[in-house]
1. Against the longest alpha carbon principal axis of the chain, how many degrees, from 0 to 90 and to the nearest 10, is the axis of helix 165-175 turned?
2. At Thr114 and Glu137, where each label point lies 7 Å from the Cα along Cα→Cβ, what is the point-to-point distance in nanometres?
3. In degrees between 0 and 90, to the nearest 10, how far off the longest principal axis of the chain does helix 207-223 point, with axes built from Cα atoms?
4. In nm, what is the difference between 0.36 nm times the number of residues separating Arg310 and Val58 and their Cα-Cα distance?
5. Considering the chain as a Gaussian network with a 10 Å cut-off on Cα pairs, which listed residue, Glu284, Glu306, Glu135, attains the greatest mean-square fluctuation?
6. What is the local net charge at Ala112, summed over the other residues whose Cβ is closer than 15 Å to its Cβ (Lys, Arg +1; Asp, Glu -1)?
7. Between Ser206 and Tyr17, how high is the FRET efficiency from 1/(1 + (r/R0)^6) when r is the Cβ-Cβ distance and R₀ = 60 Å? Nearest 0.05.
8. Going by alpha carbons, how many degrees (0 to 90, nearest 10) lie between the helix axis of 380-392 and the longest principal axis of the chain?
Amino acid sequence: MPGSIEPLDLCNVQVPYYFRCPISLELMRDPVTVSTGQTYDRTSIESWAATGNTTCPVTRAPLSDFTLIPNHTLRRLIQDWCVANRAFGIERIPTPKQPAEPAMVRSLLNQASTVSNPFSVRHSALVRLKGLARESEKNRNVICSHEAREILMRIVFSDVSSGSSELSQEALAVLVMFQLSESECTEIGSDSNRVVYLSELLFHSSIEVRVNSASLIETVLAGMRSSDLRADICNVDEIFAGVTDILKNLSSYPRALRIGVRALFALCLLKQTRHKAVQAGAAETLIDRLTDLDKCDAERALATIELLCRIPSGCSAFASHALTVPLLVKTILRISDRATEYAAGALMALCSESEQSQKDAVSAGVLTQLLLLVQSDCTDRAKRKAQMLLKLLRDSWPEDSIGNSDDFACSEIVPF
């Protein structure tokens, strides 16, 4: 083995060959031993097995099973070596968290689902499952492989009047960490009692419960194909009010903002109920929160703004907010191509309905932004929207702007 591996240097320090994974040849961070007695880095041997290999990479002997036993002794030696060489810039590898054992997961699910068990036992099992699920995707896969979603759904929507509401909410916190199948989403969305229960949780005193409820609503809406079932959910007035309130009043919680935006977008995809979002104050809230969002959430928020601008009440609500047009103009070419496209579409809708919005857009510098946009590498749809908006606003340009527009060669792109 020593002669088959070339020396590896980290920060000009040679790494002992027995600290290196035989597959990746890199310093091992989570050494595990397979049935043949050979040790590998966990991620490397798992990738090896995932591609269909059934033999030991070093010995080529068949692996009797794929049980991976943590090599704690070797891992400590590697950590000690890292500490001894930290003066050379080598960082100590962290102690890895061990994945959940299938037997333990089965036991916890059984404890949580057995109605005859004491409340404390069931609650403790759900708390442990939540902790395991939060640790890693690997743990979530192990939990999911034991029909956990079915069990958790049963607990979430059990008879909460019997005093099991705490269990229901704890199970909900675990359930939202998994992707539900279409049949599972349909099972929830087709039951009006379940939908009403989730809408009530949107106003719970616990922030976590409110956000988890919004998360499950978004998952169900996104996971169903039936437009009729989606309409049934969106027709529950409390859902729009609850989701909008999360965005409005929980802005200091990043997860609440993220889930709130996702849920509101899913609700607004259905045109016939968008007016409910406007009535719940979604327009004002989206503008107020737009600058607090990261890239992905900002894109989704801008998509929601464009959707709401397609109905008269939405246009009116956005037009009445003093910051709407300036923020949309500022967004162009700032966040992403997709965000630019949504912002241009929303501006097009607003300026088509309101002369004041046209004036506000011109005052905010939309001319320069649009001229830059049509000459950028942005999407064709964004460019088309920009060209249409330029044509719409051609009578609103100040004379000095028109005179200077030759600098952008706009006449070749948007004929006036």
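Throughout, read-outs are computed from the coordinates displayed, never taken from laboratory work. It should be emphasised that the depicted structure is a prediction, and the values quoted were computed from it without experimental measurement. All Cβ positions, glycine included, derive from the backbone under ideal geometry; neighbour counts span all protein chains shown.
1. 90
2. Taking the simple label geometry, Thr114 and Glu137 are separated by 3.4 nm.
3. Compared with the principal axis, the helix lies near 80 degrees.
4. Details: separation 252, 0.36 × 252 = 90.72 nm, distance 6.25 nm.
Gain on extension, Arg310 to Val58, equals 84.5 nm.
5. Among Glu284, Glu306, Glu135, the largest GNM mean-square fluctuation belongs to Glu135.
6. Numbers: positive: Arg106, Arg122, Arg128, Lys130, Arg149, Arg154; negative: Glu147, Glu150, Glu166, Glu170.
With Lys, Arg at +1 and Asp, Glu at -1, the neighbours total +2.
7. On the way: r = 53 Å, r/R0 = 0.89.
In this case the efficiency is close to 0.65.
8. The answer is roughly 20 degrees.
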